[in-house]
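The values are calculated or read from the model by the stated rules, or taken from the named source; none is laboratory data. Just so it is clear, the model here is predicted, and its values are computed rather than measured. So basically every Cβ, Gly included, is an ideal-geometry build from the backbone, and we count neighbours across all protein chains shown.
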Amino acid sequence: MIAYCVIGIALYYLQDKLLFHPEPLDRNQNFNFNLPNKEVNIPFNATSNLNLIQFTTADTPRGVVLYFHGNRKNISHYAKFVPEFTRNGYEVWMMDYPGFGKSTGEFSEQRIYDWSLLIYNLSRKHFSPDSIIIFGKSMGTGIAAQLAAVRDTRRLILETPYYSLPSIIGQYAPIYPVNRMIHFKIPTYKYLQRVTAPITIFQGTADWIIWHSNAYALRPFLKPGDEFISIQGGRHNNLHQFTIFQEKLDSVLTR
């Protein structure tokens, strides 16, 4: 009983460190992307700055991908995935969450939703909804789903999504009431029920960070025509190495 309580208390107070692994950067630091890009800083309030990188294309863009990344490091870690979209004619707009990279301010669930909406509204000044794709990777899948639930988009694409954040902790600590213990909820399953755009989900069967069964629990909330693509042997961070992922992503981007 003592061990149960000690572990439970540690889980409650250390949950943010377990879930999120940001890597902040000095605001004056230069990014070294070998890709055409424009850096945009948006003051959100007196203490918050939203840092956004707009990866551009050489030609007139087909549209824009609003890319919501995972729970680690910052944009620099995810820029390697940008060519998957730019080669198909899309700009990629990628923001860092508060405390990640050059973004500053309070890190809260509502703040992330507010920032994603701000980026969407900015994209609407240049692109129509049928030219906007919302993409989420890992932690970013729930954020992407929430945005697609409240705004029009051509397609929602989720790579390694989760049912909810408490459900991820529950995989490893099933004896604890994680739904009451975890501050961040991000209930992807609720948001998918309100998404009217087509949805494509990619999930690896060998993912030991977000288990396949956790992501597969989202399948009942998909509409006819939506896709859940299981990649045999795929892990959490290597789906881009599989031909089926690249071919299917190219297909949905060019339809």
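Right, Asp114: among the acidic types (Asp, Glu) and not in a loop (DSSP other than H, G, I, E, B) or not?
In short, yes.
Among residues belonging to segment 115-174 that are hydroxyl-bearing (Ser, Thr, Tyr) and surrounded by fewer than 19 Cβ atoms within 10 Å (Cβ to Cβ), point out the one that is nearest to Tyr216 (Cα to Cα).
Result: Tyr172.
I'd like to know if segment 162-184 contains one or more residues that are closer than 19 Å to Tyr113 by Cα, in a helix (DSSP H, G or I) and not acidic (Asp, Glu).
Yes, some residue in segment 162-184 is closer than 19 Å to Tyr113 by Cα, in a helix (DSSP H, G or I) and not acidic (Asp, Glu).
Which one of Asp207, Asp250 is assigned to a loop (DSSP other than H, G, I, E, B) and either hydroxyl-bearing (Ser, Thr, Tyr) or under 29 Å from Thr86 (Cβ atoms) (or both)?
Asp207
Is there a residue being crowded, with 23+ Cβ neighbours inside 10 Å, in contact with an Asp or Glu (Cβ under 8 Å, 6 or more places away or on another chain) and among the hydroxyl-bearing types (Ser, Thr, Tyr) anywhere in segment 67-80?
Checking segment 67-80: not a single residue is crowded, with 23+ Cβ neighbours inside 10 Å, in contact with an Asp or Glu (Cβ under 8 Å, 6 or more places away or on another chain) and among the hydroxyl-bearing types (Ser, Thr, Tyr).
If you check Phe202, Phe184, which single one turns out to be at pLDDT 95 or above and within 17 Å of Phe68 (Cα to Cα)?
Answer to the check: Phe202.
Considering only residues that are assigned to a loop (DSSP other than H, G, I, E, B) and modelled with pLDDT of 95 or more, which ones fall in segment 24-55?
As a first pass, look at segment 24-55 and keep what is assigned to a loop (DSSP other than H, G, I, E, B): 25-36, 46-47.
Answer for segment 24-55, where residues must be assigned to a loop (DSSP other than H, G, I, E, B) and modelled with pLDDT of 95 or more: just Leu25.
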